[in-house]
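Visitor: Encoded as structure tokens, here's the structure I'll be asking about.
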Amino acid sequence: MASIDPTDYIDLNRYPINTPSSSSYRKVLSDIHADLAEDGCAVLRGFIRPDRIPELIAEADTVAAKGHRSFSRTNAYFTQDDPSLPQSHPLRRFYDRSNSFIPADNFTGDTILRNIYEWSAFPAFIQAALDEQNFYRYADPLADVIINTVEQGGGFPWHFDTNNFTVTLAIQNGLQGGEFEYCPNIRSSSNENYAAVQEVLEGTSPQVKTLQLEPGDLQIFKGRYALHRVKPVEGDRKRYVAIFSYVEADGMVGSLERTQQLYGRTLPIHHERAGLRTDSLVD
Ligand SMILES: [Fe+2]
């Protein structure tokens, strides 16, 4: 079997991420910086060449059955109910969740996604795009590069991410629905801003932005402070989105509770590193 070369998949004419000395690289980067400064979200349309998309879809289809299906009710923070708070509090608002994550250990060395994630030019470019000093690949063997699968009627309710920034690649859309909605910087590391979150949950917030991603689009998104969701997918076709995760501290992994919920299992590393966090957010 021929080895996979990420340069065959990424549209390097449009996004020359392996030539940081070029003027076109600097232009791409400055556009991303402007987008991220505006609302914490940058989309690189057609990052993957259109003619290679079918291979990515096939890669997803091959391991789709390995996805961990979740049918649960969660709040935006993935925490338990707290009866001491008023019923209207965001921590007490629970929503149906029905989707599936294909864990990272299904994307082995002979997969396109793994080869993109581990190509040195890719994280270097993402780090420059995010302008982060502390930037590491996620050390979580179940979560570093995964695929989120959403089937008919499913979506992902309002939530915050565990990691500060997420890089996603749209692979396949459902026939309808599946729009991405987000509220930039609605909370910070020191302020949960529950009042504004409550407005979003009640459908009265003016802060919600909507985005329709197409296959091959790469999205750089700051999801730790931006409340976001995926609207329900309609029609008989799965929505596939790959998620490449990076974090600000070396060696970080997901919490035990979160990992069990999202992937249906934990590994020894999750137990060894439980409690190693760099902030005091709820989750
Ligand atoms: Fe998210």
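The values are calculated or read from the model by the stated rules, or taken from the named source; none is laboratory data. Note that the coordinates shown come from a computational prediction; the quantities given were computed from them, not determined experimentally. Every residue, glycine among them, receives a Cβ derived from its backbone with ideal geometry; neighbour counts consider all protein chains shown. These accessible areas exclude ligands, DNA and RNA; they are computed on the full protein's heavy atoms, side chains included. Shrake-Rupley method; radii C 1.70, N 1.55, O 1.52, S 1.80 Å.
Visitor: In whole Hz and in residue order, list the ³J(HN,Hα) couplings for region 247-252 that follow from phi through the Karplus curve 6.51 cos²θ - 1.76 cosθ + 1.60, θ = phi - 60°; x for Gly and Pro.
Guide: With the stated coefficients, region 247-252 comes to 9, 8, 10, 5, x, 5 Hz.
Visitor: May I pose another question? Along the charge dipole of the chain, Cβ charges K/R +1 and D/E -1, which of Ala139, Val197, Ile116 sits furthest on the positive end?
Guide: Val197
Visitor: Between His33 and Glu181, what length in nm is gained on full extension when 0.36 nm per residue of separation is reduced by their alpha carbon distance?
Guide: Extra length available between His33 and Glu181 comes to 51.2 nm.
Visitor: Residue separation times 0.36 nm, minus the C-alpha to C-alpha distance between Thr62 and Gln207: what's the value?
Guide: Between Thr62 and Gln207, full extension yields 48.4 nm more.
Visitor: Among Pro86, Pro20, Pro123, which one shows the biggest mean-square fluctuation in a GNM of the chain, springs joining Cα atoms closer than 10 Å?
Guide: It is Pro86.
Visitor: Continuing with the same structure: Under a point spin-label approximation (7 Å from Cα along Cα-to-Cβ), what is the Ser23-His89 distance to one decimal in nm?
Guide: Distance between label points: 5.7 nm.
Visitor: What's the FRET efficiency of Gln133 with Asn191 using the Cβ-Cβ distance as r and R₀ = 22 Å, to the nearest 0.05?
Guide: Approximately 0.45, to the nearest 0.05.
Visitor: Enter the accessible area of Lys27 (Å², nearest 10), with the probe set to 1.4 Å and all protein chains included.
Guide: Approximately 110 Å² for this residue.
Visitor: Mind checking the dipole of the chain: about its Cα centre, +1 per Lys or Arg Cβ, -1 per Asp or Glu Cβ, Debye to the nearest 20?
Guide: With Lys and Arg at +1 and Asp and Glu at -1, about 260 debye.
Visitor: Compute a Gaussian network model of the chain, connecting alpha carbons closer than 10 Å, and tell me which residue from Ala195, Ala60, Ala104 fluctuates the most.
Guide: With Cα springs under 10 Å in the chain, the top fluctuation among Ala195, Ala60, Ala104 is at Ala195.
Visitor: Now for a different question. Based on Cβ point charges of +1 for Lys and Arg and -1 for Asp and Glu, what charge dipole magnitude is obtained for region 33-148 about its Cα centre, in debye rounded to the nearest 20?
Guide: Roughly 380 debye, rounded to the nearest 20.
Visitor: Among the lysines, which have Cα under 26 Å from the Cα of Lys231 when same-chain residues fewer than 8 positions away are ignored?
Guide: Of all the lysines, those that pass the test against Lys231 - Cα under 26 Å, at least 8 places apart if same chain - are Lys66, Lys209, Lys222.
Visitor: Could you please state how large a percent of the accessible area of region 6-272 is carbon and sulfur, counting protein chains only and using a 1.4 Å probe?
Guide: The computed percentage sits at 48.
Visitor: Top mean-square fluctuation among Tyr77, Tyr95, Tyr225, Gaussian network model of the chain, C-alpha springs under 10 Å?
Guide: Tyr95
Visitor: What accessible area per residue comes out for the chain, rounded to a whole number of Å², with a 1.4 Å probe?
Guide: Computed with neighbouring chains in place, this is 44 Å² per residue.
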